[in-house]
Amino acid sequence: MYIIVVGGGKVGYYLTKTLVHEGYEVFLIEKNPIKCQIYAERFGAVVMQGDGAEAAILEAAGAGRADVVIAVTGDDEDNLVICQMAKERFGVARAIARVNNPKNEELFRKLGIDVTVSQTNVILSIIEQQIPERPFVHLLALRHADLAIVEAKVSDDSPVVDQPIERIQFPPEVNVTAVLRAGDLIIPTGQTVIRAGDEIIAVTKREREEELRHLLVD
């Protein structure tokens, strides 16, 4: 499976790092030349400097043979253009877009984008669904209006610090799906110990969102 990631921000970086580690064929497109230099040192020759919203850049990245194109820039308009171009011009079967403004999610779906998501672990989950031999549990469907994805950095004073997840009294209907620590993506278990500075990604009912934030941040 060949995957093109467009956008080398935090989401794109973690996504590329994890996909490379998992053995996928990955190519990252990023506008910022400084970031490209750093990423090239870490990932090798799978990084290109350029605007992924330009057809020539996608073509140079091999979009014509890509199985999946994932647009995770900080600009919803760019993400939409990238995904539409990938599908309509290059015939890519699967286009996944990060939606920075939730109000745009319905528009993306109406314009033919296959999946709209907003966190790295969910994007990874969607990719893994395409490979039957890989064990995978689908965590959620983001189209449910009563669900929210929360990302919060654990403060030094949070009561969860130095506690394993199984001992933490999270609000009801909260599922911790990923822990980002010092550049590493951790898929947590009950024994995973939370540290100050960890970035927690959790799926929760919307009415529990603020309660969860207070637990992790306050």
Counting only backbone N atoms under 13 Å from a point 7 Å out along Cα-to-Cβ of ILE186, the residues of segment 196-218 in range are 196-201
What full-extension length gain, to one decimal in nm, is calculated for VAL20 and VAL217 as 0.36 nm per residue of separation minus the Cα-Cα distance?
67.8 nm
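Counting heavy atoms of the protein chains only and a 1.4 Å probe, report the per residue accessible area for segment 1-71 as a whole number of Å².
43 Å²
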Subtract the Cα-Cα distance of GLU199 and TYR2 from 0.36 nm times their separation in residues, and report this length gain in nm to one decimal.
68.1 nm
Report, to the nearest whole %, how much of the accessible area of segment 28-74 belongs to carbon and sulfur atoms, 1.4 Å probe, protein only.
50 percent
Inter-site label distance for GLU173 and ARG206 at 7 Å from Cα along Cβ, in nm
1.1 nm
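Within segment 28-104, list the trypsin sites (Lys or Arg not before Pro) lying in a DSSP loop whose Cβ has at most 15 other Cβ atoms in a 10 Å radius.
Sites meeting the loop and neighbour criteria: ARG89.
When the chain is fully extended, how far beyond the present Cα-Cα distance does GLU106 get from ASN32, taking 0.36 nm per residue of separation?
Stretched out fully, the GLU106 to ASN32 stretch lengthens by 23.7 nm.
The values are calculated or read from the model by the stated rules, or taken from the named source; none is laboratory data. The structure displayed is predicted, hence computed values, not measured ones. So basically every Cβ, Gly included, is an ideal-geometry build from the backbone, and we count neighbours across all protein chains shown. Ligands, DNA and RNA are excluded from the accessible area calculation, which covers all protein heavy atoms including side chains. Shrake-Rupley method; radii C 1.70, N 1.55, O 1.52, S 1.80 Å.
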